[in-house]
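Trainee: I have a structure I would like to understand better, so I am pasting it below and will then ask my questions one at a time.
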Amino acid sequence: MTEAAQACIGGFHAVEAALGNVPTLRRIWLAEGRDDARARGVADEAARQGVPVERAPMARLDELLPEVRHQGCVAECEIAQPRRESELPAILEAVEQPWVLALDQVQDPHNLGACLRTAAAAGVSAVIAPRKRAAGLSPAVRKVAAGAAERVPFVPVTNLARALGRLQTDGYWVVGLDAQAPASLYDTALPERLVLVAGGEAGGLRALTQRQCDDCVAIPMAADVESLNVSVATGITLFEAVRQRAMAGTTSTD
């Protein structure tokens, strides 16, 4: 069972997403004097859902979320916590067509949040990442994820290469994203039981992680472009996998 903790999220987009996806909102704070159309829209939707709305000085909201650009809109809610590594097999067994996104030391909270949002949109079953030297589920990550952190399980692991090895033992095929790989993403048949591995901002996939991969693919790009942001590359690859999975499903039923 997913554990939950009380926390605050900030920013209109994140709070609006939470109103649609997080059933345990306790209250919403709006900055005093903020009475524009967007603030009224949040207040009206909160009233429809029975969520109390309170006014507070901007300084108070800054205290609640000192490192988040909250825009004068903060919500207190119960949010899903990172899952335990031991829970991963059960998480995947509960899904009919499980697949996994692995992030190798992605440290920028905005990149992690964007990756979680894309993973949720693509229907990824779980996101795994190293416990150390990587971003965790901070308020900044949750703001960018816009509710996705509550929809896709996030599983920190002690040793990423070892976790990938266990998934391989369970029948998953591990594919790494590597700008130098000779194989093109678009010429590679991605398996249904897929673990896609994307590298961090500093240097992409670590050598140990790359050696653990069954295959590596590159996204074709213009010659004068060195690499893509990790969240952009992840999004491109995840939705190529979605396209291939949809085509395989169409083919199998014809």
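Trainee: For the Cα atoms of the chain, what angle does the longest principal axis make with the long axis of helix 160-169, in degrees from 0 to 90, nearest 10?
Mentor: Computed tilt is about 60 degrees.
Trainee: Something else about it: Net charge within 15 Å of Cys216 by Cβ-Cβ distance, Lys/Arg positive one each and Asp/Glu negative one each, not counting Cys216 itself?
Mentor: For residues surrounding Cys216, the net value is -4.
Trainee: Running a GNM on the chain with Cα contacts under 10 Å, which residue among Ala43, Ala75, Ala94 ends up with the highest mean-square fluctuation?
Mentor: Residue with maximal mean-square fluctuation among Ala43, Ala75, Ala94: Ala94.
Trainee: What accessible area per residue, rounded to a whole number of Å², is obtained for the chain using a probe radius of 1.4 Å?
Mentor: On a per-residue basis, the chain sits at 49 Å².
Trainee: For the stretch 85-251, which whole percent of the accessible surface, found with a 1.4 angstrom probe, sits on carbon and sulfur atoms?
Mentor: Summing carbon and sulfur atoms, their accessible area is 53 percent of the total for the stretch 85-251.
Trainee: Under a crude label model (7 Å from the Cα following the beta-carbon direction), how far is Asp62 from Glu201 in nanometres?
Mentor: Spacing of the two 7 Å Cα→Cβ label points: 2.4 nm.
Trainee: Angle check, please: helix 12-21 long axis (alpha carbons) against the longest principal axis of the chain (alpha carbons), in degrees 0 to 90, nearest 10.
Mentor: 80 degrees
Trainee: Carbon and sulfur together cover what percent of the accessible area of the stretch 5-79 at a 1.4 Å probe radius?
Mentor: That share works out to 47 percent.
Trainee: Size of the dipole of the stretch 5-79 about the Cα centre, Lys and Arg at +1 and Asp and Glu at -1 on the beta carbon, nothing else charged, in debye to 20?
Mentor: Computed charge dipole of the stretch 5-79: roughly 120 debye.
Trainee: Between Arg131 and Glu45, what's the calculated FRET efficiency when r is the beta-carbon distance and R0 is 30 Å? Round to 0.05.
Mentor: That gives a FRET efficiency of 0.25.
Trainee: Rounded, prolate or oblate: which one fits the stretch 206-245, using the alpha carbon gyration tensor with axes a ≥ b ≥ c (rounded when a/c is under 1.5, else prolate when a/b beats b/c, else oblate)?
Mentor: Cα axes put the stretch 206-245 in the oblate bin.
Trainee: Once you order the gyration tensor axes a ≥ b ≥ c over the Cα atoms, which shape class does the chain get: rounded for a/c under 1.5, otherwise prolate or oblate by comparing a/b with b/c?
Mentor: It is prolate, given that a/c is not under 1.5 and a/b is the larger ratio.
Trainee: Rounded to whole Hz and in sequence order, give me ³J(HN,Hα) for the stretch 42-59 from the Karplus expression 6.51 cos²θ - 1.76 cosθ + 1.60, θ = phi - 60°, writing x for Gly and Pro.
Mentor: Taking θ as phi minus 60°, the curve returns 4, 4, 5, 5, 4, 4, 4, 8, x, 9, x, 10, 10, 9, 8, x, 4, 4 Hz for the stretch 42-59.
Trainee: Shape of the stretch 5-79 from its Cα gyration tensor (a ≥ b ≥ c, root eigenvalues): rounded if a/c is under 1.5, otherwise prolate when a/b > b/c, or oblate?
Mentor: Here the stretch 5-79 falls in the oblate category.
Trainee: Quick check on the chain: helices-only [θ] at 222 nm, where DSSP H runs of length 4 and up contribute -39,500 (n - 2.57) each and the sum goes over total residues. Nearest 500, please.
Mentor: Theoretical 222 nm ellipticity from helices: -11500 deg cm²/dmol.
Trainee: What is the angle, in °, between the Cα long axis of helix 109-122 and the longest principal axis of the Cα atoms in the chain? Nearest 10 is fine, range 0 to 90.
Mentor: 70 degrees
The values are calculated or read from the model by the stated rules, or taken from the named source; none is laboratory data. Everything quoted here is computed from the prediction, not taken from an experiment. Virtual Cβ from ideal backbone geometry, glycine too; neighbours counted across all protein chains shown. SASA here: full protein model, heavy atoms, side chains in, ligands and nucleic acids out. Shrake-Rupley method; radii C 1.70, N 1.55, O 1.52, S 1.80 Å.
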